[in-house]
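Provided herewith is a single structure, encoded as structure tokens, for subsequent inquiry.
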Amino acid sequence: MKIAIIGTGNVGGALAMGWSKKGHQIFLGVRNPENFKGKELLSLPNITAYAVEVAVKQSDVVVISTPAKETLNVVKSLGDTTGKIIIDTMNMVQKEPSNLHSSTTEIILKHTQSKDVVKCFNT
């Protein structure tokens, strides 16, 4: 499977590592493909790094594994997600007076073309 992973911290990095070892093709979506947290992941088989929109375009599935407070900025950087399944690994966004969304999944559905969002791997 071709999987874009946006976020290369603990969760995103662990998923990239595990899935690459199982033979999946992993496209890390990062701001700067030359310098990013988790760059050591590139030494593993089947893992490459691209700008976020390029990684998403090449994938069948998109995993978002970033801090919840960055959800809106991240989804705006994805580009066209039509027909893509998005896996949301982020923790819930707490509702504040200035926050009109109750969850990261709600933000993803509202601001992407994807209709299939799976919530998992969060606390």
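The values are calculated or read from the model by the stated rules, or taken from the named source; none is laboratory data. Please read all numbers here as calculations on a predicted model, not as lab measurements. No Cβ is skipped: glycine too gets one built from the backbone with ideal geometry, and neighbour counts run over all protein chains shown. Side chains included, ligands, DNA and RNA excluded: accessible areas come from the protein's heavy atoms. Shrake-Rupley method; radii C 1.70, N 1.55, O 1.52, S 1.80 Å.
Considering every residue within the stretch 24-33, establish whether at least one is farther than 25 Å from residue 111 by Cα and touching a strand residue (DSSP E or B) at 6+ places or on another chain (Cβ under 7 Å).
Looking for residues that are farther than 25 Å from residue 111 by Cα and touching a strand residue (DSSP E or B) at 6+ places or on another chain (Cβ under 7 Å), one finds at least one in the stretch 24-33, hence yes.
Select from the stretch 66-87 the residues that are in a helix (DSSP H, G or I) and open to solvent by 30 Å² or more (accessible area, probe 1.4 Å) and list them in ascending order.
If the condition is that a residue be in a helix (DSSP H, G or I) and open to solvent by 30 Å² or more (accessible area, probe 1.4 Å), then 69, 70, 72, 73, 76 are the ones that fit.
Out of (1) in contact with a Gly (Cβ under 8 Å, 6 or more places away or on another chain); (2) open to solvent by 20 Å² or more (accessible area, probe 1.4 Å); (3) part of a strand (DSSP E or B); (4) of a type in the set (Val, Ile, Thr), the odd one out for residue 48 is which?
(1)
Going by what's in this entry, would residue 96 be described as of a type outside the set (A, V, I, L, M, F, W, C), at pLDDT below 95 and part of a loop (DSSP other than H, G, I, E, B)?
When the stated conditions are applied, residue 96 passes them.
Sticking with this one: Which of (1) assigned to a loop (DSSP other than H, G, I, E, B); (2) surrounded by 14 or more Cβ atoms within 10 Å (Cβ to Cβ); (3) not hydroxyl-bearing (Ser, Thr, Tyr) does residue 54 not meet, given it meets every other one?
Single failed check for residue 54: (1).
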